[in-house]
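What follows is one structure encoded as structure tokens, with my remarks underneath.
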Amino acid sequence: MIQLAPVDRLDPTHVYWVAAVTAPCRDWSGAPGCRKGARYLVDPDDGSTSRQARLVFDSRAGCLEWMMAHRSELVRDLPGASVVPVNYARWLLGLD
């Protein structure tokens, strides 16, 4: 199941998944002005990078399914970077 919710409305006892990307180089075209290695989430509306998750998934499989359904847009909008599913809590803590 997909949820569109702010982080403070998510159940803290549940594991949520998000699509994330790491900037492959400084001043990357997917996030102009960024540093190499900067971490971002993928905005579901336009495929751009974002610091806030608006699209969270109940399972890793659900996140992968969304990524596969939108892979052409992700490749076009986020050139040179790999989009990966990550545990949202770990991403917020900087662990993933």
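General remarks:
- Residue under evaluation Leu93, criteria (1) surrounded by 15 or more Cβ atoms within 10 Å (Cβ to Cβ); (2) closer than 16 Å to Leu10 by Cβ; (3) at pLDDT below 95, criterion not met: (1)
- All conditions in (1) closer than 21 Å to Leu95 by Cα; (2) surrounded by 11 or more Cβ atoms within 10 Å (Cβ to Cβ); (3) not basic (Lys, Arg) hold for Gly30, with the sole exception of (1).
- A count restricted to region 17-63 and to residues that are among the polar types (S, T, N, Q) and under 12 Å from Asp77 (Cα atoms) stands at 3.
- Subset tally (residues that are surrounded by 14 or more Cβ atoms within 10 Å (Cβ to Cβ), over 22 Å from Pro12 (Cα atoms) and of a type in the set (D, E, K, R)) for region 44-72: 1
- Condition check for Glu65: at pLDDT 95 or above, out of contact with any Leu (no Cβ under 7 Å at 6 or more places or on another chain) and not β-branched (Val, Ile, Thr): yes
Residues checked against (1) within 17 Å of Asp96 (Cβ to Cβ); (2) assigned to a loop (DSSP other than H, G, I, E, B):
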| residue | (1), (2) |
| --- | --- |
| His14 | yes, yes |
| Arg26 | no, yes |
| Asp45 | no, yes |
| Gln52 | yes, yes |
| Arg76 | no, no |
| Pro79 | no, yes |
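- Condition met for Val75 (over 9 Å from the mean Cα position of the chain (by Cα) and either surrounded by 13 or more Cβ atoms within 10 Å (Cβ to Cβ) or of a type in the set (A, V, I, L, M, F, W, C) (or both)): yes
- With respect to the stated conditions, Val86 is of a type outside the set (Asp, Glu), surrounded by 12 or more Cβ atoms within 10 Å (Cβ to Cβ) and touching an Asp or Glu at 6+ places or on another chain (Cβ under 6 Å).
Each row is one residue, and each column tells you yes or no for (1) in a helix (DSSP H, G or I); (2) in contact with a strand residue (DSSP E or B) (Cβ under 7 Å, 6 or more places away or on another chain); (3) not aromatic (Phe, Trp, Tyr).
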| position | (1), (2), (3) |
| --- | --- |
| Val21 | no, yes, yes |
| Ser29 | no, no, yes |
| Gly37 | no, yes, yes |
| Ala61 | yes, no, yes |
| Val84 | no, yes, yes |
| Trp91 | yes, yes, no |
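The values are calculated or read from the model by the stated rules, or taken from the named source; none is laboratory data. Note that this is a predicted model, so its numbers are computed, not measured. Cβ atoms come from the backbone with ideal geometry, glycine included; neighbour counts cover every protein chain shown.
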